[in-house]
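Here the structure comes first, spelled out in structure tokens, and everything after it is commentary.
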Amino acid sequence: MAAPDSDVLRTTGSTLLRPVSERLHIPLYQVNFVVCQLIALVTATWFRIYLSPCHAHTAVRHAFATLLGVYFTIFCFGWYSLHIFTMVLLCYYIMVKASAENVHRYSFVISMGYLTLCHINRVYVFSYGILSTDFSGPLMILTQKITSLAFQLHDGMGQNSDGLNVEQRKYSVKKKPTFLEYMSYHLNFMSVLAGPCSNYQDYIAFIEGSHVSSKLLEVNSTQNGHHKLPNPSPNEAVANKLCTCVVCLGLFFTFTKAFPVAYVVSDVFIKEAPLWVRVVYLYIAIQASKPKYYFAWTLADAINNAAGFGFNGVDEKGRFQWNLISSLNIWNIETSTSFKMYIDNWNIQTGAWLKRVCYDRAPRYRTGLTFILSAMWHGVYPGYYFTFFTAIPTMLAARLVRKNFRHLFITSKSSKVLYDVVTWIVTQVAVCYTVSPFVLLGFEPTIKLYRSMYFYFHIAIVLVIILLPTKPHCSSQRKSSKETEQAAQYTTNHIKKN
């Protein structure tokens, strides 16, 4: 008699797709997730065409999006979905009962506290094991949405608009959502499983049918001649993103299992391979771990676009932009020439959330507090904290290098290319070194990795921060200004010649 499938026994979600899981040798929870996302993609297209604001009442759109999202949640997580529903209902009660002056505080503490308790349960109760039915991902997205809405309610109902910045005024919410609106925003089928987090105002405009027209007005379409454009269709954007998903899926099955990050801390590899080989292998292994994130986030973006959500106006050439809630820019990630550029293009919506609830509101130590909040949101694995606490001085060191050296390399095209190549290599090494604990998760493998590499990057960061001045000398600043003008003149002449 065959041994029972341990994954299935541990899975609290539906076992309907067990034959598919066994045939493809893929964990059942992953099969459930992908199938639900593919159904969501097809349903989103139907939702946009047959349940559009022209054909259906706003309440019907809200109700359908919510009910299907609830079904997907139960199908994937079974009784674990109670955690998700509990957080949503608890924070709805807080929103209704709390004053506008305090709603953001209570919502933040409760949602982050509940999320942290679930993270602790996952790590210490299950001893670093990744649950076969891991519900922490949707709970993390919910935390972003709950806190974003709470802060925007505080801005709209409990703050003087004079004290808000432009973005805070734009997205401030001046009326508490109804129960149906609240549930739809948090549990809609388009984003309940993999996000992304969107602004409440944008989501409501999408459901009500004013999303596209408002974005066209934002770019002052009549002056640019865009008033003659047809009604924007997401089909091309969705098709391009699905092609990206297929490529990422192929890369995942081809390279991810072939280059496990854990191999870099194996005793045999550390003993036999020289340092430069281990650094190169680490780079390849980190690159191989990216496609699964690219796949999940790009597919989630495509689902929202297929439903008609995510339109972001037109660019300077009049092309439709469907990147309002995109979570990443793969090209900018892979060609980043600075640590900040890399971070800004990775998990974009989470970065926007961190800026919205922490960076823009912290009175001091903004960068440090933002990285700490990001670490807490991700979980309680020690590796997360190694990554984010290493990222803080890395960011500071990168700024110092840029301030002190960049102006020396922008005087000509060739020197600028050299600067870009060198900074790209350094950025890739910095990212791999910094994020490897994020993948290894545990304390011991992280220390083992860094010790085997002699903490070389930590040492380099400390030396940069100690040796380089925080502010270039006045003469350097004047020289930088002069060289910048020369570079601008060089660029202008080069353009004219061509």
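What to note about this one:
- Of all the listed residues (Ser452, Ser436, Ser475), the sole one being open to solvent by less than 80 Å² (accessible area, probe 1.4 Å) and modelled with pLDDT under 55 is Ser475.
- Wholly enclosed helices (runs of 4 or more DSSP H) of segment 326-411 bearing at least 1 residues of a type in the set (D, E, K, R): 330-334, 339-345, 366-378, 382-405
- Here Pro53 fits the description: modelled with pLDDT under 95 and surrounded by 14 or more Cβ atoms within 10 Å (Cβ to Cβ).
- Every listed requirement among (1) under 23 Å from Thr387 (Cα atoms); (2) touching a Leu at 6+ places or on another chain (Cβ under 6 Å); (3) not polar (S, T, N, Q) is met by Phe259 save one, (2).
- Here Pro232 fulfils each of the conditions (1) surrounded by 16 or more Cβ atoms within 10 Å (Cβ to Cβ); (2) outside any loop (DSSP other than H, G, I, E, B); (3) not hydroxyl-bearing (Ser, Thr, Tyr) apart from (2).
- Looking only at segment 156-194, and only at residues there that are β-branched (Val, Ile, Thr) and either in contact with a strand residue (DSSP E or B) (Cβ under 9 Å, 6 or more places away or on another chain) or open to solvent by 60 Å² or more (accessible area, probe 1.4 Å) (or both), the one that is nearest to Ile141 (Cα to Cα): Thr178
- The residue of segment 392-433 that is farthest from Leu449 (Cα to Cα), among those that are open to solvent by less than 80 Å² (accessible area, probe 1.4 Å) and among the aromatic types (Phe, Trp, Tyr), is Phe409.
- Within segment 106-132, tally of residues that are open to solvent by 40 Å² or more (accessible area, probe 1.4 Å), part of a helix (DSSP H, G or I) and modelled with pLDDT under 95: 5
- Every residue from segment 309-354 that is open to solvent by 30 Å² or more (accessible area, probe 1.4 Å), more than 20 Å from Asn240 (Cβ to Cβ) and in contact with a Gly (Cβ under 9 Å, 6 or more places away or on another chain): Ile343, Asp344
- Residue, farthest from Arg48 (Cα to Cα), within segment 276-308, restricted to residues that are aromatic (Phe, Trp, Tyr) and crowded, with 21+ Cβ neighbours inside 10 Å: Phe295
The values are calculated or read from the model by the stated rules, or taken from the named source; none is laboratory data. The structure displayed is predicted, hence computed values, not measured ones. Here the Cβ is made from the backbone with ideal geometry for all residues, glycine too, and neighbour counts use every protein chain on show. The protein model used for the area step is the full one, side chains on, heavy atoms only, and it has no ligands, DNA or RNA in it. Shrake-Rupley method; radii C 1.70, N 1.55, O 1.52, S 1.80 Å.
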